[in-house]
Amino acid sequence: MQFSSDLLESAVNEFAKLPGIGKKTALRLVLHLLKTDPSMVQGFGETLIRMRQEIKFCQRCFNVADADICSICANSLRKQELICVVESIREVIAIESTQQYSGTYHVLGGIISPLDGVGPDQLNIEALVNRVQKEHTQELIFALNPTIQGDTTIYYIQKRLQGSGARFTTIARGIAFGGELEYADEMTLARSITNRLPIESYMAGR
């Protein structure tokens, strides 16, 4: 692409750094901003800067939050003894959109994947173990993507929490093997949570 403005080229290059955004899409976005009222563009920029500077991660579950504790953990109407273990914040958003889950979450920040150099110490697993032991959690629902890495992570956490008294379940097999939760439709995801299975049954069927 040839640009008559260095500022335009710089803006396009910055947008193109975002995942899923190519140069053509970046150019279309930048040109749209050029036609937008300057006050709206300024508000857009200030919102992004404020989000990046002020957003926090919940000290309890590692979900995004505006305070030290996220709104889900702070909600007295949620079942605090029920924890849904997910890989990332995207899964929290996907599950919340179903409006079928009333417990809390724990965001691992990834899954165990030795080939990618990701071990248990690089995830929020120790915090989960401490949380379950301290809060006397009744049930952990594993809502990890149904892959070998996801299964490995479930197995590792289950072993770490043996004797905790907590029940271990996983979402039902409505999610295809190798599929990703964030792309599942809301009805499928809701049914998978409602019809969750004991971990033993899930592992036996793999």
* Quick check, is Tyr183 more than 11 Å from Val85 (Cβ to Cβ), modelled with pLDDT of 90 or more, of a type in the set (Ser, Thr, Tyr) and surrounded by fewer than 15 Cβ atoms within 10 Å (Cβ to Cβ)? -> no
* What are the residues in segment 4-40 that are loosely packed, with under 14 Cβ neighbours inside 10 Å and touching a helix residue (DSSP H, G or I) at 6+ places or on another chain (Cβ under 7 Å), if any? -> Lys23
* With (1) surrounded by 14 or more Cβ atoms within 10 Å (Cβ to Cβ); (2) more than 23 Å from Asn124 (Cα to Cα); (3) assigned by TED's automatic domain parsing to the domain that holds Tyr155 as the list, and Gln99 as the residue in question, which single condition is left unmet? -> (1)
* Structure fact -> Filter segment 97-127 for residues that are touching a Phe, Trp or Tyr at 6+ places or on another chain (Cβ under 9 Å) and part of a helix (DSSP H, G or I); the one that is farthest from Ala166 (Cα to Cα) is Pro120
* Which ones in segment 67-86 are touching a Ser or Thr at 6+ places or on another chain (Cβ under 8 Å) and either in a loop (DSSP other than H, G, I, E, B) or among the β-branched types (Val, Ile, Thr) (or both)? -> Ile72, Cys73, Leu77, Arg78, Ile83
* To do: Confirm whether Arg52 is outside any strand (DSSP E or B), on the phi < 0 side of the Ramachandran plot and at pLDDT below 95.
  => yes
* Return the residue satisfying two criteria in turn: it lies in segment 134-154 and is in contact with a Phe, Trp or Tyr (Cβ under 6 Å, 6 or more places away or on another chain) and of a type in the set (A, V, I, L, M, F, W, C), and of such residues it is surrounded by the most Cβ atoms within 10 Å (Cβ to Cβ). => Leu140
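The values are calculated or read from the model by the stated rules, or taken from the named source; none is laboratory data. Note that the structure is a prediction, hence the values are computed from the model and not measured. For neighbour counting, all protein chains shown are included, and Cβ atoms are generated from backbone atoms with ideal geometry for every residue, glycine included.
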